[in-house]
1. Would you confirm whether any residue within segment 5-12 is among the aliphatic types (A, V, I, L, M), modelled with pLDDT of 80 or more, part of a loop (DSSP other than H, G, I, E, B) and in contact with a Cys (Cβ under 8 Å, 6 or more places away or on another chain)?
2. Can you say whether residue 39 is polar (S, T, N, Q) and part of a strand (DSSP E or B), as far as the supplied structure shows?
3. Just to verify a result, which residue in segment 1-43, among those that are of a type in the set (D, E, K, R) and loosely packed, with under 10 Cβ neighbours inside 10 Å, is farthest from residue 54 (Cα to Cα)?
4. Tally up the residues in segment 44-58 that are in contact with an Asp or Glu (Cβ under 9 Å, 6 or more places away or on another chain) and either exposed (fewer than 10 other Cβ atoms within 10 Å of the Cβ) or without any contact (Cβ under 8 Å) to a residue 12 or more places away in the chain (or both), please.
Amino acid sequence: MARQSNGILYPSARRLGGKCLVCFRPALVYNVRRGKRLQFTVRAVEPFTEPDAREIPIRN
């Protein structure tokens, strides 16, 4: 942010070849669509694993 960047793109740690995006300025994000809703369970004494995330149904 000190360099006036709008965000960063970095390699995914969990998916080989995947990418992650961070947007520092949410007003620049257009055409947002609802996708999956996930719940993550993180325990300080255990490493995070993908099964620790579960999908929660979206109610309209």
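1. no
2. Criteria met by residue 39.
3. Ranking the qualifying residues of segment 1-43, first place goes to 3.
4. Number of matching residues: 1.
The rows are residues; the columns are (1) modelled with pLDDT of 75 or more; (2) in contact with a Cys (Cβ under 8 Å, 6 or more places away or on another chain); (3) in a loop (DSSP other than H, G, I, E, B).
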| site | (1), (2), (3) |
| --- | --- |
| 2 | yes, no, yes |
| 14 | yes, no, yes |
| 30 | yes, no, yes |
| 33 | yes, no, yes |
| 46 | no, no, yes |
| 54 | yes, no, no |
| 60 | no, no, yes |
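The values are calculated or read from the model by the stated rules, or taken from the named source; none is laboratory data. The structure presented is a predicted model; accordingly, all values stated were derived computationally and were not measured. No Cβ is skipped: glycine too gets one built from the backbone with ideal geometry, and neighbour counts run over all protein chains shown.
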